[in-house]
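Reading through the structure tokens given below for one structure.
Nothing in this text is a laboratory measurement; each read-out follows from the coordinates by a stated rule. Predicted model only: the values in this text are computed from it and were never measured. Here the Cβ is made from the backbone with ideal geometry for all residues, glycine too, and neighbour counts use every protein chain on show.
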Amino acid sequence: MNLRDLEYLVALQELKHFRKAAEKCFVSQPTLSGQIRKLEDELDVILIERTSRKVLFTPAGDQIAEQARTVLLESKSIKEIAKSYASPTAGAIHIGLIPTVAPYLLPQIVPTMKQEFPDLDMFLHESQTHELLKQLDEGDLDCLLLAYLPGMEKYGHIDLYDEPLELIVPSSHRWCGRNEVELADLNGERVLMLEDGHCLRDQAMDYCFTAGAEEDQSFKATSLETLRHMISADAGVTLLPSLAIPRSRFTEGVEYIKFKSPEPIRRIVLLYRKGSVRRPCFNDIAQVINKRISAVLAR
């Protein structure tokens with residue numbers, strides 16, 4: 001038995017498909033299938049019921065695959081411990097980001113991080129919060145850059161920055177020309193929101209509902225850019241995070257209005273598994289991000 005065989009088994013349990021599991025492991029399907037059979041012979045137990053339609057794991061197969069996942073995580077930790085002592089900011093690091101952060105944060109920080117950490121190979125993965133947390137738990141990602149939410153207490157985190165939310169309205173709106181509005185002014189307004197699964201949706205809804213606003217149920221956006229275009233088409237109002245607003249504060253057909261204090265915010269953090277030996281690397285990354293984004297938000 002070797003770690004590679006365990007990787008095959010874990011991939012097959014996750015995907016329930018030999019071809020897809022083989023592609024994930026970068027081997028041929030016969031190779032993966034043969035190694036699984038070899039593992040069964042070595043352990044003297046049937047791991048998988050092979051049918052023409054689907055892959056069914058036996059109870060023994062499920063339990064062994066779960067233990068294999070733990071073994072692979074521990075093996076990775078051993079390598080990370082050695083790496084952290086040799087050079088904290090060297091080697092590969094897999095970072096997950098949510099869609100309402102990635103396109104606006106990355107252009108600001110990637111050039112600086114490449115300059116500060118020339119020996120660090122960054123692999124960036126964009127997905128919604130629930131999927132990123134799953135990948136973090138399974139060891140596929142080293143850390144996440146996302147909005148901190150209740151329920152994340154089991155993870156370690158480093159605060160990066162507090163990002164204000166601003167109101168975006170169509171150019172024909174009665175509030176155009178105002179420098180500021182109060183959150184309470186949203187009372188009675190119909191607000192466009194992102195679709196389910198985006199943490200920004202939940203945060204924006206909390207602020208809007210507290211103010212007495214209502215969600216426009218006729219449309220739910222897949223991205224902030226879709227929301228922006230809908231507002232320019234006079235479809236309603238919405239809230240956007242500050243980094244998603246152009247530095248010129250101009251987009252044809254819309255206006256951006258700040259909220260009076262206390263303004264709605266979301267806290268962006270670097271999230272990691274508690275006990276991760278890469279904490280020194282995370283600290284260095286967080287320091288660079290905080291310095292860079294603090295300067296951007298101050299402008």
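Both numbers refer to the Cα atoms of segment 205-297; Rg and Dmax are 17.2, 50 Å. Computed from the Cα positions only, the extents of segment 156-235 along the three principal axes stand at 45, 26, 22 Å, in decreasing order. Based on Cα contacts under 8 Å between residues 6+ apart, the chain shows a relative contact order of 21 percent.
Which net charge results when you count Lys and Arg as +1 and Asp and Glu as -1 among the other residues whose beta-carbon is under 11 Å from that of Thr112?
Summing Lys and Arg as +1 and Asp and Glu as -1 gives +2.
Kindly identify segment 57-119 as rounded, prolate or oblate by the Cα gyration tensor criterion: order the square roots of the eigenvalues as a ≥ b ≥ c, call it rounded if a/c is under 1.5, otherwise compare a/b with b/c, prolate if a/b is larger, else oblate.
On the way: a/c = 5.94, a/b = 1.67, b/c = 3.56.
Oblate is the answer for segment 57-119, as a/c is 1.5 or above yet b/c matches or exceeds a/b.
Using unit Cβ charges (K, R positive; D, E negative) and no other charged atoms, how large, in debye to the nearest 20, is the dipole of the chain about its Cα centre? Display every interim value, and only then the final one.
Values: 36 positive and 44 negative charges, 121 e Å.
Charge dipole, the chain, about its Cα centre: 580 debye, nearest 20.
Take 279-288, 6-15, 69-78 and order them by the average number of nearby Cβ atoms within 10 Å per residue, most first; the result is 6-15, 279-288, 69-78. Axis of helix 199-211 versus longest Cα principal axis of the chain: the two differ by about 30°, to the nearest ten degrees.
For a quick protection proxy, order the peptides 177-186, 16-25 by their average other-Cβ count within 10 Å, most packed first.
Working: 177-186: 14.5, 16-25: 16.6.
My ranking of the peptides, most packed first, is 16-25, 177-186.
What net charge do the residues around Ser171 carry, taking every other residue with its C-beta under 9 Å from that of Ser171, with Lys and Arg at +1 and Asp and Glu at -1?
Working: positive: none; negative: Asp234, Glu252, Glu255.
For residues surrounding Ser171, the net value is -3.
For q = 0.09, 0.12, 0.14, 0.16 Å⁻¹, what log10 I(q)/I(0) does the chain give under the Debye formula with an equal point scatterer on each alpha carbon and no solvent? Values, matching the q order: -0.58, -0.88, -1.04, -1.20. With 14 Å as the cut-off, how large is the P(r) tail for segment 3-83, expressed as percent of Cα-Cα pairs? I get 62 percent for the Cα pairs in segment 3-83 exceeding 14 Å.
Once you reduce segment 247-297 and segment 13-79 to the center of their Cα atoms, the two points are 40 Å from each other.
For the chain, what is the mean residue ellipticity at 222 nm derived from helices alone (per DSSP H run of n ≥ 4: -39500 (n - 2.57); sum divided by total residues; nearest 500 deg cm²/dmol)?
Values: 9 runs with 130 residues, N = 299.
Taking each H run of at least 4 residues, the total per residue is -14000 deg cm²/dmol.
The long axis of helix 279-298 is offset from the longest Cα principal axis of the chain by roughly 20 degrees. Counting Lys and Arg as +1 and Asp and Glu as -1 over every other residue whose Cβ lies under 15 Å from the Cβ of Asp196, the net charge comes to -4.
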